[in-house]
Amino acid sequence: MVASVERPRRVCLLSGGGDAPGVNAILRGFVHTARGFGLEVLGSRYGFEGLVNPAGLVPLTVADVRGILPLGGCMLGCSTRVNPFFVDGGHERPTDRGPLIVEHLRALGVEALVLIGGDGTMLAAERFEALGMPCVGLPKTIDKDLGQTEITCGFDSAVETATRAVDALHSTAEAHARVMLLEVMGRNAGFIALHAGVAGGADVILIPEIPYRLERVVAKIRERERLGLRFSLIVVAEGARPAGGDVLEVEGGRPGHLPRLGGASARLLQELEAQNLGHEIRLTVLGHLQRGGSPSAFDRNLGMQLGSYGAELCSRKEYGRRVVVRGGKLRSIPLLGSGEAARHTAVDVDDGLARTARLAGVELGEAAEATVARAFHTRAEGWFTRPPVTPDA
Ligand code: F6P
């Protein structure tokens, strides 16, 4: 009698949305761990494009992921062009490509789809899961705006790059007694701006969560002048907007795709120029430098852990889960049923680094009453009716 040869279990790995430093570490962590569990791994080339293109799925072996830890980008390629649940073109509309993709994956013997990405990718994971394709989600975005997790892969490296930019701008700002604006990414969340701004000692940090008042920015520059400091550093999140103003887009969102943001710092420059401050003002848009380059050691290690944990979940067939970091530890939570609010998060303007920035005199551009009210809010005790004698730790 001939013994039947069991086919190895097969899973498919995909990185949705834009690249982020550390995504290669996720792939490597996954592939190496999967090998130990006897799982066969396919990779989808260029994100969701690989799922709709017959040659889009390629085997991923330990040999394929050799040497990729220090590399930026994503060895599988990335694309934000394809959303499997929308048709692109003249008449964009929701589409039912999902069931076809699921059928295709099943025909290839793929038992689960592992999706690496931010909120958009997690939404796609929810949809695939609802269509009966078991999924696992792994958190990756430089924006750190994915809900339910303390950190996402790529954020640390992006903040590092942005912090170095603030440092570099400081010296030239001081030499020329200029006001320097630095626009950073982050979409509708101000995590990168806040973290790089505080780390780099910025004087003003404008984030989407706090619509700014121009008079506060001007007052900060004037206050510094009075102290003999003839230069100022302003970090502007791309999603920042003045009170009553709009978030600026360079390209509107198509159905199933997010708009591209840009122009926040150019608008602020114009607003400041109109104030005749007596300073030269220059602006730098950091752009995709924040997404490129070698990942930090932190993101490599986080990526390895995320990938490895994802493979572990697959080995145990714990599908329908999304990996999150809580209390510094990896956990998994259900993919479905948590809704939009759970997929997205933004800076807590009353606590953490925003609070530290405010208490340490960084101008966040908010109305004076709001600043005063927030300054008396303590982490442990909620709202004070009168100011504490010393700020709490
Ligand atoms: O979500 C990551 C991110 O880098 C955002 O911070 C930024 O707004 C956007 O992607 C840029 O997208 P693209 O690479 O398509 O220009």
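The values are calculated or read from the model by the stated rules, or taken from the named source; none is laboratory data. Owing to the predicted nature of the structure, the values given are computational and were not obtained by experimental measurement. Note: ideal-geometry Cβ built from the backbone for every residue, glycine included; neighbour counts use all protein chains shown. Ligands, DNA and RNA are excluded from the accessible area calculation, which covers all protein heavy atoms including side chains. Shrake-Rupley method; radii C 1.70, N 1.55, O 1.52, S 1.80 Å.
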For this session: Enter the accessible area per residue of the chain (Å², integer; probe 1.4 Å; all protein chains in place).
Result: 44
Exercise. Taking 0.36 nm per intervening residue step and subtracting the Cα-Cα distance, what contour gain separates Ala274 from Val218 on full extension?
Worked result: 19.1 nm
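For Met133, Met185, give the ranking by accessible area with the largest first, probe 1.4 Å. The partial results should precede the final answer.
On the way: Met133 0, Met185 25 Å².
Sorted by accessible area, descending: Met185, Met133.
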Exercise. By how many degrees, between 0 and 90 and to the nearest 10, does the Cα long axis of helix 97-107 differ from the longest principal axis of the chain?
Worked result: 40
Problem set entry | FRET efficiency for Ala370 and Arg267, using Cβ-Cβ distance with R0 set to 22 Å, rounded to 0.05 | 0.55
Seminar exercise, completed: The alpha-carbon center of segment 105-150 and that of segment 176-248 are separated, in whole Å, by 34
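Only bridges whose two residues both fall in the chain count here: according to DSSP, what percent of them are antiparallel, nearest 5? Provide the component values of the computation, followed by the final result.
On the way: 17 of 52 bridges.
For the chain, the DSSP antiparallel bridge percentage is about 35.
Quick one: ranking Val114, Val198 by accessible area, 1.4 Å probe, largest first, what do you get? Kindly include the intermediate steps, with their values, before the conclusion.
Values: Val114 0, Val198 50 Å².
Greatest to least solvent exposure: Val198, Val114.
What length, rounded to one decimal in nm, is gained on full extension from Arg164 through to Arg127, with 0.36 nm per residue of separation minus their alpha-carbon distance?
Details: separation 37, 0.36 × 37 = 13.32 nm, distance 3.91 nm.
Value of the extension gain: 9.4 nm.
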For this session: Would you work out what percent of the accessible area of segment 62-179, with all protein chains in place, is carbon or sulfur (probe 1.4 Å)?
Result: 53
Exercise. How large is the helix-only mean residue ellipticity at 222 nm for the chain, computed as the sum of -39500 (n - 2.57) over DSSP H runs with n ≥ 4, divided by its residue count, in deg cm²/dmol to the nearest 500?
Worked result: -10500 deg cm²/dmol
Seminar exercise, completed: From the Cα centre of segment 331-353 to that of segment 29-72, the distance in Å is 28
For this session: Using only Cα atoms, find the angle between the long axis of helix 119-130 and the longest principal axis of the chain, and express it within 0 to 90 degrees, rounded to the nearest 10.
Result: 30
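Report the gain in length on full extension from Arg106 to Phe86: 0.36 nm times residue separation, minus Cα-Cα distance, nm rounded to one decimal. Numbers along the way, then the final one.
Working: separation 20, 0.36 × 20 = 7.20 nm, distance 2.12 nm.
Residue separation times 0.36 nm, minus the Cα-Cα distance, leaves 5.1 nm.
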Exercise. For the Cα atoms of the chain, what angle does the longest principal axis make with the long axis of helix 155-176, in degrees from 0 to 90, nearest 10?
Worked result: 30
Seminar exercise, completed: Quick tally, 1.4 Å probe accessible area for Leu169, Leu229, sorted with the most first, runs Leu229, Leu169
For this session: Report the label-to-label distance for Ile333 and Arg282 in nanometres (one decimal), using points 7 Å from each Cα along the Cα→Cβ vector.
Result: 4.4
Problem set entry | Heavy atoms of Asp348 accessible to a 1.4 Å probe, total area in Å² rounded to 10 | 80
Seminar exercise, completed: Env charge @ Gly244, Cβ radius under 15 Å, K,R +1 / D,E -1, value 0
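Which semi-axes, in whole Å and largest first, does the equivalent ellipsoid of the chain have when worked out from the alpha carbon gyration tensor as the square roots of 5 times its eigenvalues? Present the calculation step by step, with values, prior to reporting the outcome.
Working: eigenvalues 370, 90, 76 Å².
Value: 43, 21, 19 Å, ordered largest first.
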